[in-house]
Every structure is written in structure tokens, then in C-alpha cells.
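Taking it in order: structure first as C-alpha cells, then the write-up.
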Amino acid sequence: MSDDGERGTPGKGLVQGLAVTLKTMTRRSTTRQYPDVEPDLPPRSRGVIALLEENCTVCMLCARECPDWCIYIDSHKEEVIVPGAARARQRNVLDRFDIDFSLCMYCGICIEVCPFDALHWTPEFEYAETDVLDLLHDKNRLGEWMRTVPPPPAHDVLGEPSKEEASASRKAAGPGAAKQARANVRRPAGPTAERPEPPK
């Protein structure tokens, strides 16, 4: 029965469904030939996570924030003797950094919380294994993915410069340039414009 209470033609829905099937059968297939032809991925696709070991300070933020607990980190402390310092400094040395991609849900929290940009997304997604235990990538294998990390997007020319760029330009200009810039802000150059009188 139709919505208005009248009985419809028997088999009408079946005929409409078969018409859609016949229409798509006559069209050319648009299947992507994936293994032979590389897919066109968006520029910042999430694939595998890469590790830049030099930037890692073993702060453990990524392992603590990971909802799946799939990041395993081990380290030891090492003394560094600084000439002229009263005592030796200590620094953490990374011994083990593993990510278990059989547990990872690719949420990206570890990349967002890393304060030193040690973790990066790569668009690589072809790292399937025949054994699930091989999905545990160590720091050497994670480091190999760094060559596939795309460069960051360009800054907006109309946007504000980053804090790092602003402080670097102030340092390059010298100590007197900052005082001069502040003085220019307080006293604008050129004649001051007169205020128009309020309407009566």
C-alpha cells in the first residue's frame, strides 16, 4: 500500500531496483587499479607515524597520553660534563621507542602532545605484515619513515609571524632596535591628524 492508502502496482519496487542495476551495468567501471596505480592521497594523510630520534627528550608525554597504550619507551640518564659549570648535567638517552601498530588507532594524540616535534604523520600506508608481531616498529624502523614526511604547509603571508620568527628577527636587529620600535609605537611618525568636531 502507498502512503495515501491506495494499493500500488505489484512488483513496481522490484522493477525500479532492477532498472538501477541495469543502468549501472551499462556504464564503464571506475575501479581504481590500486596495486598497479598509486592512489592520489590528500596532502596531509594519516599513514604511519615517524620518529625523529634527535628531537625526542624522553618526556614520556606521548606514552602517557596514548589511549591504547601502544607506545613503549625506555631510557637511561647520562651525565654530561659542561666546561665551566659547577657540576655535571644529566640528560635522558633514548634506549627504546616502540609503537605497536596492531593496537594503534591513529588518533594522532601522541603527535599533538609532543612538545619537540619528534613524532610526525607520514602518508605511507603500505606496511602490512603477515605476522601481527611484526607490526611492533622499533625506533630504527620508525626513523626510516622520516624520509616520507611531507614538508609543513607554507605560512599565511597575511598572518602573524610565529613567536620563534619574531624573537629571531628582534635578535638579528640588535638591542637598540627594540627600544626604537617601542618609541615609534608611542610616538607615531608624521603630523598628528586633527579630530573632527562632533556634530551639533
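Against the list (1) polar (S, T, N, Q); (2) out of contact with any helix residue (DSSP H, G or I) (no Cβ under 9 Å at 6 or more places or on another chain); (3) modelled with pLDDT of 90 or more, the condition Gln33 fails is (3).
Candidates in the range 107-126 are the residues that are surrounded by 14 or more Cβ atoms within 10 Å (Cβ to Cβ) and not hydrophobic (A, V, I, L, M, F, W, C); of these, the one that is modelled with the highest pLDDT is His120. Please state which of the following conditions Val20 fails to meet, knowing it meets all the rest: (1) assigned to a helix (DSSP H, G or I); (2) without any contact (Cβ under 8 Å) to a residue 12 or more places away in the chain; (3) touching a strand residue (DSSP E or B) at 6+ places or on another chain (Cβ under 7 Å). It is condition (3) that Val20 fails. Applying the criterion of at least 2 residues that are touching a Cys at 6+ places or on another chain (Cβ under 7 Å) to the strands (runs of 3 or more DSSP E) found wholly in the range 65-121 leaves 89-100.
Taking the listed residues Thr24, Thr9, the one that is in contact with a helix residue (DSSP H, G or I) (Cβ under 9 Å, 6 or more places away or on another chain), more than 24 Å from Asp100 (Cβ to Cβ) and among the hydroxyl-bearing types (Ser, Thr, Tyr) is Thr9, with no other qualifying. Only residues that are over 30 Å from Leu41 (Cα atoms) and assigned to a helix (DSSP H, G or I) were counted in the range 147-177, giving 14.
The values are calculated or read from the model by the stated rules, or taken from the named source; none is laboratory data. Model, not experiment: these values are computed from the prediction. All Cβ positions, glycine included, derive from the backbone under ideal geometry; neighbour counts span all protein chains shown.
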